[in-house]
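Data block below; observations after.
Please treat every number below as a calculation from the coordinates, not as lab data. Because the structure is predicted, anything quoted here is derived from the model rather than measured. Note that we place each Cβ from the backbone using ideal geometry, even for glycine, and neighbour counts take in every protein chain shown.
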């Protein structure tokens, strides 16, 4: 396994991450990881690190990057929005496909929480061939929550009184709220026609119905795996083992090159 830095310029900012390659010679089928809102490319309790290592053991390269205003990438969390993230990620995907180590005809996307929503929109829009899409704990609920004036049960009133919303110690600005008024996760994802894996726990604060709606949108190309007792972050050893193993199996079954 070889780990090397990844970065690309998008809208005047540098987005940073890492590329992890299997042993041997490429180019490799490649998985791009999309972290959740307010998170980073390693994700909660390093779950994306564990996923990356499992994928590379199966002969896949992995690119994990921090979206603008997250992790080590440029930009401010204050300015983040779903539409901006989708726009940026399209450029990131083009940069990934251009890497010598990457088989640009064998790309796969994995997203967690809001990252799953972003990944689905990117998969639908991308001119590149997306061979599979895996969505964990899909947080399409953010649109409905914001319309009701809250995020994860907390009022957004401080945007008017303080000029920002305190999201886990980070200042979220009005861009996220304004964008959510017109961002339709399901319309954004409708153009994707490839295989999709939707994994959702019954103990997630996001109702399973949000994943079910994606499954209904895509019909027979989608697989819905509802996991009893799993929470939003897959925060037990059995649940984490399950989500990683199922995702690796799904991707390896849909890779182009063997």
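Below are the figures for this structure:
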item	result
Pairwise FRET efficiency - residue 50 versus residue 170, Cβ, R0 = 25 Å, nearest 0.05	0.50
Helix 237-254 vs. the chain, principal-axis angle (Cα, 0 to 90°, nearest 10)	60
Angle in degrees between helix 47-57 and the longest Cα principal axis of the chain, rounded to the nearest 10	10
Counting DSSP beta bridges with both ends in the stretch 1-112, the antiparallel % (nearest 5)	55
Burial order of peptide ranges 44-54, 131-141 (average beta-carbon count within 10 Å, highest first)	131-141, 44-54
Fraction of antiparallel bridges per DSSP, the chain only, in percent to nearest 5	40
Cα-based Rg / Dmax (Å) for the stretch 1-105	13.3, 42
Sequence-separation-based contact order of the chain, relative, with Cα cut under 8 Å and 6+ spacing, percent	18
Rounded to 10°, Cα long-axis angle of helix 209-218 versus longest principal axis of the chain	50
Gyration tensor verdict on the stretch 182-252 (Cα atoms; rounded if a/c is under 1.5, prolate if a/b is larger than b/c, oblate otherwise)	oblate
Between the stretch 142-170 and the stretch 48-125, the alpha-carbon center distance in angstrom	26
Efficiency of FRET between residue 253 and residue 105 - r from beta-carbon atoms, R0 25 angstrom, step 0.05	0.90
Unit Cα scatterers, Debye sum, the stretch 2-254: log10 I(q)/I(0) for q = 0.11, 0.13 Å⁻¹	-0.53, -0.76
Contour minus Cα-Cα distance for residue 2 and residue 236 (0.36 nm per residue)	81.4 nm
Cβ-Cβ FRET estimate between residue 213 and residue 23, R0 fixed at 35 Å, reported to 0.05	0.30
Packing-based ranking, highest mean first, of 117-124, 34-41, 143-150 given that Cβ atoms within 10 Å are counted	117-124, 34-41, 143-150
Burial order of peptide ranges 65-75, 180-190 (average beta-carbon count within 10 Å, highest first)	65-75, 180-190
